[in-house]
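First up is the structure itself, then whatever we jot down about it.
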Amino acid sequence: MVSTNQIAEIGMLVGEPARAAILGALMDGRALTATELSRIAGVTPQTASSHLARLTSANLVEVQKQGRHRYHRLARPEVARMLEGIMQIASTGDGTPRRKLVTGPRDVAMQQARTCYDHFAGRLGVAIADKLVEEGVVELDSESGLLTADGASFLEQRGIELFDNASGKRKSSRPVCRPCLDWSERRPHIAGKLGAAICTHYFEKGYVRRRNGTRALEITPPGTRALRVMFGVSGIQ
């Protein structure tokens, strides 16, 4: 059973500004070094390493060693889901007068298309989710999602594989389909194995690419065509 002390510890770790910046930077699913994360958080590499050690100890971040380098990424999808929920709450007005927020190009790009850990978010993610529901590929409610009987065939026709071709079994025990409430659109996009498979397919085909190493995405001309043909989605750049 989770104790109140454990909840408080997680809140304290996530609530420190530098650690919040580090976790936010890892929301795009990439693995980054302590030096790279220190620049993002505005702290020294030594301080970033200290923060990362605490986040790793709490199982929020995991470390991957490659040669002399150590790379850090979010430990599991549930951590990204927690962070996305915090972003949603933080961005919701509570009636308190605040200075008007002037959004720049990066904010606009993030709202249009971005990654949420390993799946699409923003208008892009929500538009794909809407189309998959409309086509009867998935069924969504507020807490869960279901890939329908015809869903796998719909995806295979578009080159998106969810199952191991040799055994016909799912490649992992991770949920195939799960709604993830989008903090900017306030509507669900699709997470889970399906969301990750669509995102991976689009990156591998060169349909999307990152904007200057951020979570924001640029949809390439072939990607625009693929969105229209595969999902009937248009008007997102």
>> Can you tell me which of (1) at pLDDT 85 or above; (2) out of contact with any helix residue (DSSP H, G or I) (no Cβ under 6 Å at 6 or more places or on another chain); (3) surrounded by 13 or more Cβ atoms within 10 Å (Cβ to Cβ) is the one ILE190 doesn't meet?
In response: (2)
> Within the set of pairs 6 or more residues apart or between chains, which connect a residue that is modelled with pLDDT under 95 inside the range 16-27 to a residue that is of a type in the set (Phe, Trp, Tyr) and crowded, with 19+ Cβ neighbours inside 10 Å with Cβ atoms less than 8 Å apart?
Replying inline: MET27/TYR117
> Counting only residues that are surrounded by 15 or more Cβ atoms within 10 Å (Cβ to Cβ), part of a helix (DSSP H, G or I) and under 18 Å from the mean Cα position of the chain (by Cα), how many does the range 204-225 have?
Replying inline: 0
> Across the range 31-66, what is the total count of residues that are crowded, with 18+ Cβ neighbours inside 10 Å and not in a helix (DSSP H, G or I)?
Replying inline: 4
>> Pull out all pairs, ordered by first then second residue, where Cβ-Cβ is under 6 Å, the residues are six or more apart or on different chains, the first lies in the range 34-51 and is more than 13 Å from PRO17 (Cα to Cα), and the second is among the hydroxyl-bearing types (Ser, Thr, Tyr) and exposed (fewer than 15 other Cβ atoms within 10 Å of the Cβ).
In response: PRO45/THR35
> Looking at the range 104-129, which of its residues are in contact with a helix residue (DSSP H, G or I) (Cβ under 9 Å, 6 or more places away or on another chain), of a type outside the set (Phe, Trp, Tyr) and either assigned to a strand (DSSP E or B) or free of Cβ contacts under 8 Å to residues at least 40 places away in the same chain (or both)?
Replying inline: ARG114, THR115, CYS116, HIS119, ALA121
> Residues of the range 188-203 being of a type in the set (Val, Ile, Thr) and assigned to a strand (DSSP E or B), which ones?
Replying inline: ILE190
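The values are calculated or read from the model by the stated rules, or taken from the named source; none is laboratory data. No experiment lies behind these values; they were computed from the predicted model shown. Cβ coordinates were reconstructed from backbone atoms using ideal geometry, including for glycine residues, and neighbour counts include every protein chain displayed.
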